[in-house]
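> I'd like to ask some things about the structure below.
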Amino acid sequence: MRHHHRQRHSLTPAGLVVDRIEVDGDRILATARSTSRSSACPDCGHVSTQIHSRYQRSLADLPAHGRTVVIRLSARRFRCKRSTCPKKIFAERLDQTIALPFARRTARLEGIVHQLGLALGGRPGQGLARRLLLPVSKDTLLRVVRLRAVQRVPAPHVVGIDDWAWKRGHRYGTIVCDLERRRIIDVLPDREAATVEAWLAARPSIAIIARDRGAGYGQAATRGRPSALQVADRWHLMENASAAFLQAVRRTMGPIREALKTGPIDPAILTSAERRQYEGWRRRDEANAVIRALAADGVPIKEIVRRTAQARGIVRLVVRGGRTDVFRPRSSSLDPFLTRLEAEWTGGCRNGAELWRRLRAAGFPGAPRVVSEWAARRRADQIAKVPRRVPSSRAIAHMMTAEPERRSIGEVALVIAIETAVPGLAAARDLIGRFHALIRNRDGAGLDAWIEDAAGGLLSSFAAGLANDRDAVRAAIVEPWSNGQTEGQITKLKLVKRQMYGRAKLDLLRARLLGAA
């Protein structure tokens with residue numbers, strides 16, 4: 001099937017005239033030529049109308065009617081008439097909306113290829129392109145993404161900075177986001193303060209920097225953009241406060257055990273799961289005793305790690321009084337129903353099967369065995385002369401900070417005993433509640449008073465850290481900016497990185513993230 005005419009055909013890009021169209025099996029071949037009568041020399045820019053010769057150029061185009069499309073372009077060579085120009089003969093340059101110089105695809109097909117590479121990467125993009133009848137390989141997709149990488153971004157005013165893991169625990173990079181435009185603007189190869197400082201110093205338009213509370217980014221922001229307002233991350237402030245209270249509970253576990261007057265643990269009254277935890281704790285306690293003895297003799301942590309072959313984090317935790325819990329808490333499907341279960345037990349129902357039936361009527365999704373084991377533990381607590389076990393430090397922290405109406409009767413009595421024996425822990429709990437209220441109510445004026453009140457108690461270390469970063473913490477309370485958006489962009493970065501398996505080098509990762517914004 002052939003059609004002969006000299007009108008511009010809608011099948012081809014604007015600026016070309018179709019002379020002939022042929023359908024050859026699963027291909028459409030369009031013979032076309034440019035409508036321009038002249039072309040500019042690529043070296044000197046002189047416009048020439050004198051044609052030297054013609055040659056055939058093939059351009060792949062968007063598919064049509066279930067067939068691939070190829071444009072056979074009759075291209076021309078022109079003579080450059082400027083005597084000083086070294087290029088006497090040159091090939092005509094098409095408009096960039098048609099095709100780039102030396103390109104084998106039209107500009108509109110190149111745009112589709114670029115978008116496929118940005119969205120899917122190499123191999124997944126190749127699979128989709130095959131189904132869309134686009135002749136492109138995985139290497140071509142990645143090459144196009146690299147060639148069309150975004151080189152410039154608008155001058156940012158509010159940025160968020162955070163680190164992300166190339167390989168967790170070994171190598172990290174830095175992501176920078178424009179919080180106003182909600183887009184990634186750069187990816188740095190590491191999280192060194194000098195790298196971030198140089199990046200910030202080269203961008204004088206930055207007025208606000210949202211960051212985490214790590215010392216590295218704080219120093220880089222202070223040196224790179226000393227006039228910018230630094231804003232700490234609100235979520236991390238809340239989480240750091242809760243972690244500080246948990247650490248305070250761990251430091252006071254000795255007085256708590258004394259207050260609860262628990263004797264030696266009798267393995268005979270433990271459940272099977274508790275007995276396994278108890279045996280594991282005995283093994284850990286032996287290693288902890290060795291670490292504490294070395295630390296008491298003044299041996300540095302690095303040397304303790306070498307002698308005991310324990311991880312540095314474990315050694316540091318033991319030296320600071322941690323890893324003392326015998327029974328570590330585990331989440332259970334029974335947790336949301338404990339208040340109801342305590343009420344049924346106190347009301348006189350002691351049969352595990354009946355308790356399960358009542359909880360099931362209230363929406364409990366677990367098996368009868370879960371409730372039966374809970375009932376067995378409660379009976380063992382009543383038989384023992386002293387409490388069988390002290391709750392873990394995390395469980396105690398959760399009980400003390402939970403709403404009073406959500407505590408069971410046994411938890412209320414336990415909290416009262418702990419608060420009576422360790423009043424400093426109750427004061428720390430109240431301070432943590434005040435700090436969370438400061439952030440929720442955006443009360444920046446109360447920060448100084450809170451730091452003064454917490455300076456001499458169990459939260460003194462946390463208060464000292466806030467005092468050293470006072471301006472950024474106050475800005476986090478009163479300013480609308482936060483680093484939560486940056487955390488979301490890190491999730492996107494990890495998704496793109498994992499899509500490319502092992503080929504996510506910095507230039508390609510940066511091109512995909514910035515190009516898709």
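> Would you call Pro368 modelled with pLDDT of 85 or more and either among the hydroxyl-bearing types (Ser, Thr, Tyr) or under 27 Å from Met238 (Cα atoms) (or both)? Explain how you work it out, then say what you get.
Numbers: modelled with pLDDT of 85 or more: yes; either among the hydroxyl-bearing types (Ser, Thr, Tyr) or under 27 Å from Met238 (Cα atoms) (or both): no.
Criteria not met by Pro368.
> Could you list, ordered by first residue, the pairs with Cβ atoms under 6 Å in which the first is in the range 82-108 and without any contact (Cβ under 8 Å) to a residue 60 or more places away in the chain and the second is open to solvent by 50 Å² or more (accessible area, probe 1.4 Å) and among the acidic types (Asp, Glu), at least 6 apart or interchain?
Close Cβ pairs satisfying both conditions: Cys85/Asp43; Lys87/Asp43.
> Within 50 Å of the chain's Cα centre (by Cα), outside any strand (DSSP E or B) and modelled with pLDDT of 90 or more: is that true of Ile98 in this structure?
No, not satisfied.
> Inside the range 123-137, can you point out the residues that are open to solvent by 10 Å² or more (accessible area, probe 1.4 Å) and under 15 Å from Arg148 (Cβ atoms)?
Within the range 123-137, just Val136 meets the criteria.
> Against the conditions (1) surrounded by 14 or more Cβ atoms within 10 Å (Cβ to Cβ); (2) free of Cβ contacts under 8 Å to residues at least 24 places away in the same chain; (3) part of a strand (DSSP E or B), where does His52 fall short? Just the number, please.
Failed condition: (2).
> May I ask you to say which residue of Arg191, Arg203, Arg234 is buried (at least 19 other Cβ atoms within 10 Å of the Cβ), among the basic types (Lys, Arg) and touching a strand residue (DSSP E or B) at 6+ places or on another chain (Cβ under 9 Å)?
Going through Arg191, Arg203, Arg234 in turn, just one is buried (at least 19 other Cβ atoms within 10 Å of the Cβ), among the basic types (Lys, Arg) and touching a strand residue (DSSP E or B) at 6+ places or on another chain (Cβ under 9 Å): Arg191.
> Right, here's the next one. Does Leu425 count as touching a helix residue (DSSP H, G or I) at 6+ places or on another chain (Cβ under 8 Å), open to solvent by less than 60 Å² (accessible area, probe 1.4 Å) and in contact (Cβ under 8 Å) with a residue 60 or more places away in the chain?
Here the answer is yes, as Leu425 does meet what is asked.
> Just one of the numbered conditions (1) in contact with a Lys or Arg (Cβ under 7 Å, 6 or more places away or on another chain); (2) outside any strand (DSSP E or B); (3) at pLDDT 90 or above; (4) surrounded by fewer than 21 Cβ atoms within 10 Å (Cβ to Cβ) is not true of Pro156; which one?
Against the list (1) in contact with a Lys or Arg (Cβ under 7 Å, 6 or more places away or on another chain); (2) outside any strand (DSSP E or B); (3) at pLDDT 90 or above; (4) surrounded by fewer than 21 Cβ atoms within 10 Å (Cβ to Cβ), Pro156 comes up short only on (4).
> Please enumerate the residues belonging to the range 166-184 that are modelled with pLDDT of 90 or more, open to solvent by 10 Å² or more (accessible area, probe 1.4 Å) and assigned to a strand (DSSP E or B).
Tyr172, Arg183 - these are the residues of the range 166-184 that are modelled with pLDDT of 90 or more, open to solvent by 10 Å² or more (accessible area, probe 1.4 Å) and assigned to a strand (DSSP E or B).
> Tell me whether the range 82-100 contains one or more residues that are closer than 27 Å to Asp24 by Cα, out of contact with any helix residue (DSSP H, G or I) (no Cβ under 6 Å at 6 or more places or on another chain) and open to solvent by 90 Å² or more (accessible area, probe 1.4 Å).
No, the conditions are met nowhere in the range 82-100.
> Tell me, which residue of the range 428-450 that is closer than 18 Å to Val231 by Cα and open to solvent by less than 50 Å² (accessible area, probe 1.4 Å) is farthest from the chain's Cα centre (by Cα)? Before you say what the answer is, go through the steps one by one.
In the first step, residues of the range 428-450 are kept if they are closer than 18 Å to Val231 by Cα; the result is 435-436, 438-448.
Then drop every residue that is not open to solvent by less than 50 Å² (accessible area, probe 1.4 Å), which leaves 435-436, 438-439, 444, 446-447.
Numbers: Phe435: 26, His436: 24, Leu438: 26, Ile439: 23, Gly444: 28, Gly446: 32, Leu447: 29 Å.
Checked the range 428-450; the qualifying residue farthest from the chain's Cα centre (by Cα) is Gly446.
> Also, I was wondering about something else. Only one of (1) open to solvent by 90 Å² or more (accessible area, probe 1.4 Å); (2) in contact (Cβ under 8 Å) with a residue 60 or more places away in the chain is not met by Thr68, so which one is it?
(1)
> Another question, if that's okay. Within the set of pairs 6+ apart or on separate chains, which have a first residue in the range 457-482 that is farther than 19 Å from Thr252 by Cβ and touching a residue at least 40 places away in the same chain (Cβ under 8 Å), a second that is open to solvent by 50 Å² or more (accessible area, probe 1.4 Å) and in a helix (DSSP H, G or I), and C-beta atoms under 9 Å apart?
Listed pairs, sorted by first residue: Asp469/Ala215; Ser482/Trp235.
> Which number in (1) within 30 Å of Arg143 (Cα to Cα); (2) in a helix (DSSP H, G or I); (3) open to solvent by 30 Å² or more (accessible area, probe 1.4 Å) marks the one condition that Arg512 misses?
It fails just one condition, (3).
> Continuing with this model, one more query. Looking at the range 85-95, which of its residues are assigned to a loop (DSSP other than H, G, I, E, B) and either touching a Pro at 6+ places or on another chain (Cβ under 9 Å) or β-branched (Val, Ile, Thr) (or both)?
Result: Lys87, Arg93, Leu94, Asp95.
The rows are residues; the columns are (1) at pLDDT 75 or above; (2) under 24 Å from Leu414 (Cβ atoms); (3) open to solvent by 50 Å² or more (accessible area, probe 1.4 Å).
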{"position": "Ile256", "(1), (2), (3)": "yes, yes, no"}
{"position": "Ala259", "(1), (2), (3)": "yes, yes, no"}
{"position": "Glu274", "(1), (2), (3)": "no, yes, no"}
{"position": "Glu286", "(1), (2), (3)": "yes, no, yes"}
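> So Ser205 ticks every box in (1) closer than 15 Å to Arg512 by Cβ; (2) small (Gly, Ala, Ser); (3) not in a strand (DSSP E or B) but one. Which box is left unticked?
All conditions pass for Ser205, except number (1).
The values are calculated or read from the model by the stated rules, or taken from the named source; none is laboratory data. These figures come from a predicted structure and were not determined experimentally. Heads up, the Cβs are rebuilt from the backbone with ideal geometry, glycines too, and the neighbour counts pull from every protein chain shown. Quick note on the areas: whole protein, heavy atoms, side chains included, nothing else; ligands and nucleic acids left out. Shrake-Rupley method; radii C 1.70, N 1.55, O 1.52, S 1.80 Å.
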